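*Asks:* Attaching a single structure in structure tokens format; questions to follow.
Please treat every number below as a calculation from the coordinates, not as lab data. Since we're looking at a predicted model, the values are computed, not measured. Positions of Cβ are backbone-derived with ideal geometry, glycine not excepted, and every protein chain shown enters the neighbour counts.
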Amino acid sequence: MRGPMKAPTRAWKTVVGVVLVAVMLFPVYWMFNVSLTKTGDMRADPPHWFPWDPTFEGYAAALGQQLPALATSLFIGLGTVALTLVVALPAGYSLAKLRPRGAGVMDFLLLVAQMIPAVVMAMGFYAIYIRLGLLNTVAGLIVADSTLAVPFAVLLFRAFMAGIPRELMAAAQIDGAGTWRTFRSIILPLSRNSVITVSLFAFLWAWSDFIFASTLNRNSDVIPITLGIFRYIGNNTTQWNSIMATAVIASIPAAFLLVIAQRYIAAGVTAGAVKD
């Protein structure tokens with residue numbers, strides 16, 4: 001009896017899964033649909049559920065007006081990735097293998113840091129940046145966005161590097177490698193999956209950031225795409241195809257990176273979860 005019962009159960013699970021995915025992805029589809037809809041058809045009743053008569057005027061306007069903001073977000077994202085890796089890789093290695101005094105306290109502080117709301121951190125950064133002259137600068141956004149990624153990155157690197165056999169480090173030390181050489185020649189090559197995972201999450205957090213951008217960079221002419229879309233909505237409440245086209249273009253890098261790096265993400269996130 002178990003065999004015949006499994007087929008209907010699997011079918012229902014499949015149907016429920018498809019329905020849930022469709023509901024969650026419907027806003028993405030509607031964004032794409034509106035981006036191809038002509039301005040005169042926006043108020044059609046009933047609405048156009050499919051782009052029967054598509055137009056690309058929204059994409060032309062978006063690329064013409066939002067391209068600098070896209071370039072700024074790309075630069076901020078790459079800068080955040082670089083700064084996060086420079087800080088988190090040595091820190092994770094130290095906590096996992098060198099075990100300095102106070103390592104347990106540091107682990108706890110990193111967990112606490114992840115619980116602090118971004119808006120609270122933005123207020124703190126605002127007070128600091130006024131004195132340092134970093135308001136309305138790209139460098140200030142890179143530093144602020146990195147504070148979201150570094151605690152997560154350090155904990156992930158620590159979990160992964162803790163699972164690397166110490167015999168490899170001992171063999172390197174026998175060959176005359178010091179702490180830095182062991183880290184660079186042994187630990188880093190073995191940590192590829194976790195590095196890709198951290199890089200992707202750091203880039204996505206910086207790419208989608210709005211709180212830091214609106215708080216620390218609101219009076220600058222060089223703005224990221226999230227702030228560009230926000231200003232665009234305020235200035236063009238009738239050109240929704242251009243607004244949605246901008247959102248679609250801004251979503252492409254994130255979707256592309258997730259598709260390309262998904263197998264590395266799965267390996268990196270589960271790193272250190274199971275140990276021998």
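*Asks:* Tell me which trypsin sites (Lys or Arg not before Pro) from the range 57-134 have a DSSP coil assignment and no more than 10 other beta carbons within 10 Å of their own. Walk me through the numbers before you get to the answer.
*Replies:* On the way: sites: 97, 101, 131; in loops: 101.
Taking the range 57-134 and a limit of 10 other Cβ atoms within 10 Å, the loop trypsin sites (Lys or Arg not before Pro) found are 101.
*Asks:* So, one more: Report the gain in length on full extension from residue 101 to residue 222: 0.36 nm times residue separation, minus Cα-Cα distance, nm rounded to one decimal. List each step's numbers first, then the result.
*Replies:* On the way: separation 121, 0.36 × 121 = 43.56 nm, distance 4.30 nm.
That works out to 39.3 nm of additional length.
*Asks:* So what J values fall out for the range 53-67 if you push phi through Karplus, 6.51 cos²θ - 1.76 cosθ + 1.60 with θ = phi - 60°, rounded to Hz, Gly and Pro as x?
*Replies:* Once θ is set to phi - 60°, the couplings for the range 53-67 become 10, x, 9, 10, 5, x, 5, 5, 5, 5, 5, x, 9, 10, 4 Hz.
*Asks:* Another question, then. Add -39500 (n - 2.57) for each DSSP H run of 4 or more in the chain, then divide by its residues: what number comes out at 222 nm, to the nearest 500 deg cm²/dmol? Walk me through the numbers before you get to the answer.
*Replies:* Working: 12 runs with 200 residues, N = 276.
Computed ellipticity for the chain at 222 nm equals -24000 deg cm²/dmol.
*Asks:* Just to confirm the number: angle between the C-alpha axis of helix 118-132 and the first principal axis of the chain, 0 to 90 degrees, nearest 10?
*Replies:* Around 80 degrees separate the two axes.
*Asks:* May I ask you to derive the FRET efficiency for residue 41 and residue 10 from their Cβ-Cβ distance with R0 = 51 Å, giving the value to the nearest 0.05? Please report the intermediate quantities before stating the final value.
*Replies:* Values: r = 41 Å, r/R0 = 0.81.
So the FRET efficiency works out to roughly 0.80.
*Asks:* Measure nothing fancy, just the Cα-based angle from helix 138-162's long axis to the longest principal axis of the chain, in degrees from 0 to 90, nearest 10.
*Replies:* Around 50 degrees separate the two axes.
*Asks:* Once log10 I(q)/I(0) by the Debye sum over Cα atoms at q = 0.07, 0.08, 0.11, 0.14 Å⁻¹ is worked out from the coordinates, which option in (1) -0.38, -0.48, -0.82, -1.08; (2) -0.28, -0.36, -0.66, -0.99; (3) -0.23, -0.30, -0.59, -0.98 does it equal?
*Replies:* Matching entry in (1) -0.38, -0.48, -0.82, -1.08; (2) -0.28, -0.36, -0.66, -0.99; (3) -0.23, -0.30, -0.59, -0.98: (1).
*Asks:* Provide the packing ranking of 24-30, 43-49, i.e. peptides ordered by the mean count of other C-beta atoms within 10 Å per residue, highest first.
*Replies:* Ranked from most to least packed, the peptides come out as 24-30, 43-49.
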